[in-house]
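Only one structure is covered here, and it is reproduced in the block below.
Where a number appears in this text, it was derived from the coordinates with a stated rule and is not lab data. Since we're looking at a predicted model, the values are computed, not measured. Here the Cβ positions follow ideal geometry from the backbone for every residue, glycine too, while neighbour counts run over all protein chains shown.
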Amino acid sequence: MDEEEIQVIVIVEEIMMSIKIFLLVCYFYLRHIRSRRNRRIQRRARARYSMIARNPAQIDHMHALIHDTDPNFIQQLRMDRNTFARLCFLLENIGGLQRTRHVQISEQVAIFLSVLSRHKKNMVVKFDFKRSGYTISTHFNTVLKAVMKLHPILLSTPQPVGDDCMDDRWKWFKGCLGSLDGTYIVVRVPINKKAWYKNRKGDVYVNVLVVCDQNMQYVYVLSGWEGSAADSRVLRDVVSSPNGLRVPNGNCYLCDCGYRNGPGFLTPYRGVRYHLDEFGTGTSVPQNYRELFNLRHAKARNIIERSFGLLQQRWGIIRSRQFYPIKMQNRIIMVCCLLQNFIRSTIAVDPLEDEVPEYVVGQSHDQPDNDFVDVVESSQICTAWRDNLAQSMYN
């Protein structure tokens, strides 16, 4: 083989090597283009994700619930559809509630309200909404925290009774802000803490201090004290606490005989008939100024008893023992009060209010600190003022 043939063979091998390299580069380039196209298709597929196609049974259940009539919607979730839509808007824009890939905000709120209204267990709710128990528990806790964030706007700001008040129950108490009382709500606690939460009757309760205005709107709610704590002790702690109840000097709340008559808190006369069922016509009418004062005091303060009745009528979860930690049980009680404020301020006619009697027989921004009542104690000045008020009513 001469030199010319050898040179031809070398040139051919170089050409073949160049072709192989070129084909190899083309292969990797086309593979890169194909992978980019696949990723683009996947991104478009994710953008076109359809919750209806993914969860048809769950979506159908929500459509059947939301597109039902208002009476049936109120029976299921304790509010009408307009109130429900407004609550979802507030929770999304103020409470920070966010939708997930598989659960919309409306379904999260419906799950939460379903548990509160009927005290349904996890296994029952997951069957109703076609969800897993983990999903139900997760969204219940998420909505609970979101509602707690709304307390600055859901709690009412009380307005004192003015001289132009025409309400026959409140016009006698000028400067009064509303009514105050404590109530016992049944809870479930560990066995080593039951002795703390037992009241004088031996039942396990939590002592809840509630303050409401003249329109049954809650102004202040404190849940967490043990059932063995006295009402007066709870009130003393609330008034002295930095973030507690603030009563401006010159105003007052109506209380029962479980509290002391003093600055900021007006109580009835002890040892004088008080409850509304003790008064009537004929010989049952008030016989002196003290009985007349107690009668009008009871009529006005009865607003807090009706609010308790409406609260338990609306939310079944506070009528029975809950299977949650005690800290969460206290949060649930406060959330029920917040939601009742929202429902009463939004819904035009509350059908549950008609089920609570008009009169219920009850059981026996930053300002200087010196503008508020900071101590709960008896006062001779307040007692004399009460006597003058009672005598002016009687005369």
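Amide H contacts of Asp181 (H built 1.01 Å from N, in plane; Pro and chain starts excluded): Val210 sit under 5 Å, all sequence-distant by 5 or more or on other chains.
For the stretch 213-225, the Karplus equation 6.51 cos²θ - 1.76 cosθ + 1.60, evaluated at θ = phi - 60°, returns couplings of 8, 6, 9, 6, 9, 6, 9, 8, 9, 10, 10, x, 6 Hz by residue, with Gly and Pro reported as x. Averaging 1/r over every pair of different alpha carbons in the stretch 160-394 and inverting the result gives a Kirkwood radius of 18.8 Å.
Each other residue within a Cβ distance under 9 Å of Asp231 adds +1 if Lys or Arg and -1 if Asp or Glu, for a net charge of -1.
Each 10 Å bin, from zero up to the one with the longest distance, holds this percent of the alpha carbon pairs of the chain: 4, 18, 24, 19, 11, 6, 4, 3, 3, 3, 2, 1, 1, 0, 0.
Ordering Gln329, Gly95, Phe129 by the projection of their Cα atoms onto the charge dipole of the chain, which places +1 on the Cβ of Lys and Arg and -1 on the Cβ of Asp and Glu, puts Phe129 at the extreme positive end.
Helical content of the chain, expressed as a calculated mean residue ellipticity at 222 nm, amounts to -16000 deg cm²/dmol (DSSP H runs of 4 or more residues, -39,500 (n - 2.57) each, divided by residue number, nearest 500).
With both residues required to sit in the chain, DSSP beta bridges show an antiparallel share near 80%.
Taking the fewest neighbouring Cβ atoms within 10 Å as the starting point, the ordered list for Asp213, Asp163 is Asp163, Asp213. Listed values for the stretch 81-98 are Karplus-derived 3J(HN,Hα) couplings in whole Hz (6.51 cos²θ - 1.76 cosθ + 1.60, θ = phi - 60°), namely 5, 5, 5, 4, 5, 5, 5, 4, 5, 5, 5, 6, 8, 10, x, x, 6, 10, and x replaces Gly and Pro. For the pair the stretch 163-212 / the stretch 231-249, the C-alpha centres are spaced 13 Å from each other. The calculated P(r) of the stretch 252-360, using every Cα pair and 10 Å bins from 0, goes 12, 32, 30, 21, 4, 0 in percent. Backbone phi angles across the stretch 244-250, fed through the Karplus curve with coefficients 6.51, -1.76 and 1.60 (θ = phi - 60°), yield HN-Hα couplings of x, 6, 10, 10, x, 4, x Hz in residue order; Gly and Pro are listed as x.
Per-peptide packing, taken as the mean over residues of other Cβ atoms within 10 Å, places 121-129, 304-312 in the sequence 304-312, 121-129 from highest down.
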